[in-house]
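A short write-up of the structure that comes next.
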2 protein chains.
Amino acid sequence: MFAQIQQDLQILDVNLKQMVGPRHPILSAAAEHLFHSGGKRIRPSIILLVAKATNNQAKLTNEHRRLAEITEIIHTASLLHDDVIDDCNTRRGSGTVNSKFNNKIAVLAGDFLFAQSSWYLANLNNLEVVKIISKVITDFAEGEVAQSVTYFDTSISIDNYVNKSFHKTASLLAASCKASAILSNASQKTQNKFYNYGKHLGLAFQIIDDILDITGDYKNMGKPAGLDLKNGNLTAPLLFALNECPTLHKLVEREFEESGDIQYAIELIKNTNGIQQAKDLAQEHVQASIQNIKYQKNNQSVNDLKLLSHYIINRIT
Amino acid sequence: MFAQIQQDLQILDVNLKQMVGPRHPILSAAAEHLFHSGGKRIRPSIILLVAKATNNQAKLTNEHRRLAEITEIIHTASLLHDDVIDDCNTRRGSGTVNSKFNNKIAVLAGDFLFAQSSWYLANLNNLEVVKIISKVITDFAEGEVAQSVTYFDTSISIDNYVNKSFHKTASLLAASCKASAILSNASQKTQNKFYNYGKHLGLAFQIIDDILDITGDYKNMGKPAGLDLKNGNLTAPLLFALNECPTLHKLVEREFEESGDIQYAIELIKNTNGIQQAKDLAQEHVQASIQNIKYQKNNQSVNDLKLLSHYIINRIT
């Protein structure tokens, strides 16, 4: 997307393949299957841009590159386990590892990638970075569990939803933005600014993903609409819509079990202000992300990060 | 088992519960379910004894204790995922997490524990220890995959079997023995001796576990006999027995699919020298483990470690 890191993202792709390694064909197949599934590499792009925004002479070090790679590996590992947990059969338009191979391979491949990431992380030789990224993986698991115990629970608040979304998505982005600034030896204040930039961007990203689950079609999303609903994962558009539409309560309470319930719920949500309110919430977080880097030295990388925030929201407008 | 660390193991139990924490009831339930299932705490015992054997005045530091706790957490996490991977419903005589809760909770709880262990590991503030233990988790995943691709493969060699067992079991014990010596500031030579002690002890432990899968009954094992066979995981007793008994080949090739195949295979193995040859292999590794600490200063902890090696083999004699 951004000319200045185009070549760096190609290097990242080459390195990722090498890191997962030819050590085990099935693991490599499972991992490459995901690496190749056309992810937009938004996470590593952000980390590389933060590195360039914070380091002297906008220099990318090997450690910055490795951090971007580690983050992508952790993200991929979490997708592998998510698909097992959510019984998801399609991601980015192609079969998920658990459907194409099986649950066991998906669990194993995820474990392998988490382990590889820990190993590469330790070899960054920066304990502060090890700690901050390790914390993220704990957040993931907690987020997933928090999500699983509130399935089909219509009483959860928007705050609770935002909190889950932090653990699930924003924590990794926040921590890796901060870690990138740490590797640049940026000041504590700058580190925290970039942490908050990543946090709000991550939240916006998740909210928009959740909106697309309701509005999106298979082609744009790479996965069928209403999957969150089906799993009982109640997200912003539905939570806002519930206030306007009592019928939705009934559908959720019977866990969308009758034929056509999902499609009916989607129509009901579209007839409320739920989607608009969710968009507004995402927009607030986009603004908050930009707010945090507003006073950074105005270089190309900071500009690109601002553009990236806008790009996120443009996925739905 | 050993008077000198009895109290330390009680402290470990208390700390383990605290570390998994009250942060999430389901995760805690899943983890405690395992922590309480009467494991013999052999791993932490070994690590505490290595600490006392290597440190000045046989002193246990907080870091040694934390290492023992981390190792037990990693072990528990790997059991959770193993049970999903092996479709195992009983462990140590009680239902496994995946049968009592479900596969999703087992995957999540395992992820959570792996994450917690990474976090506590980073907070030991010793990069060398972080690296050596991170490597173990990679070994786990590789071992599991190596195992899964050789299911029902009668052509695998004993060397291949030993190699798998290293990844699956011995790597953690070897690495944590070495890490314990590192935390005592022991010399490189001593560190390596304890690495090899742990490695051979771990191999002996796995071989004996595999023998018990064939000979053991439900009561002693806490799980049904022949589970490895059923899963196609061909272990030492069967691999040795294959040389003497062509009928076994047939049973393996049809993947024990006919009723009574498992019981028949167990009887066939018992009629060969397979079990004795596997015992001899375990005994070799027990001897090799003791050999590595033979010249250590002869204190109570080293003596206990030697006793522990003998105890392992006595499980089957």
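The values are calculated or read from the model by the stated rules, or taken from the named source; none is laboratory data. Note that this is a predicted model, so its numbers are computed, not measured. Every residue, glycine among them, receives a Cβ derived from its backbone with ideal geometry; neighbour counts consider all protein chains shown.
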Can you confirm whether A:Ala241 is surrounded by 20 or more Cβ atoms within 10 Å (Cβ to Cβ), under 20 Å from A:Gln147 (Cβ atoms) and free of Cβ contacts under 8 Å to residues at least 60 places away in the same chain?
yes
Taking only region B:140-192 into account, find how many residues are outside any helix (DSSP H, G or I), more than 12 Å from chain A (Cβ to nearest Cβ) and under 30 Å from B:Leu227 (Cα atoms).
6
Please go through region B:31-45 and give me each residue that is in contact with a helix residue (DSSP H, G or I) (Cβ under 7 Å, 6 or more places away or on another chain), at pLDDT below 90 and more than 26 Å from A:Val145 (Cβ to Cβ), ordered by number.
B:Arg41
Find all pairs meeting these conditions: Cβ atoms under 6 angstrom apart; at least six residues apart or on different chains; first residue within region B:191-217 and in contact (Cβ under 8 Å) with a residue 40 or more places away in the chain; second residue not in a helix (DSSP H, G or I).
B:Ile208/B:Arg315; B:Ile208/B:Ile316; B:Asp210/B:Thr235; B:Ile211/B:Ile316
Does B:Ile208 count as under 16 Å from B:Leu308 (Cβ atoms) and among the aliphatic types (A, V, I, L, M)?
yes
Condition check: out of contact with any Pro (no Cβ under 7 Å at 6 or more places or on another chain) and either at pLDDT below 85 or farther than 25 Å from A:Tyr120 by Cα (or both). Does B:Gly93 satisfy that?
yes
Reported set for region B:120-139 where residues are facing another protein chain (nearest Cβ under 7 Å) and crowded, with 21+ Cβ neighbours inside 10 Å is B:Ala122, B:Val130, B:Ser134, B:Ile137, B:Thr138
Only one of these conditions is not met by A:Ser28: (1) modelled with pLDDT under 90; (2) within 16 Å of the chain's Cα centre (by Cα). Which number is it?
(2)
B:Asn220 passes all but one of (1) surrounded by fewer than 17 Cβ atoms within 10 Å (Cβ to Cβ); (2) closer than 21 Å to B:Phe152 by Cβ; (3) at pLDDT below 95; which number fails?
(2)
Within region A:97-104, does at least one residue satisfy the condition of being modelled with pLDDT under 85, away from chain B (no Cβ under 14 Å), more than 20 Å from A:Ala170 (Cα to Cα) and in a helix (DSSP H, G or I)?
yes
Does A:Ser117 satisfy the condition of being more than 7 Å from chain B (Cβ to nearest Cβ) and either outside any helix (DSSP H, G or I) or buried (at least 24 other Cβ atoms within 10 Å of the Cβ) (or both)?
yes
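Residue-by-condition table, conditions (1) out of contact with any Ser or Thr (no Cβ under 8 Å at 6 or more places or on another chain); (2) over 17 Å from A:Ile290 (Cβ atoms); (3) crowded, with 24+ Cβ neighbours inside 10 Å:
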site: A:Tyr151; (1), (2), (3): yes, yes, no
site: A:Thr154; (1), (2), (3): yes, yes, no
site: A:Ser165; (1), (2), (3): yes, yes, yes
site: A:Ile182; (1), (2), (3): yes, yes, no
site: A:Tyr195; (1), (2), (3): yes, no, no
site: A:Gly226; (1), (2), (3): yes, yes, no
Unmet requirement for B:Ile275, which otherwise passes all of (1) surrounded by fewer than 20 Cβ atoms within 10 Å (Cβ to Cβ); (2) in contact with a helix residue (DSSP H, G or I) (Cβ under 9 Å, 6 or more places away or on another chain):
(1)
Candidate set from region B:46-74 (those that are at pLDDT below 95 and among the polar types (S, T, N, Q)); member that is farthest from B:Gln188 (Cα to Cα)
B:Thr71
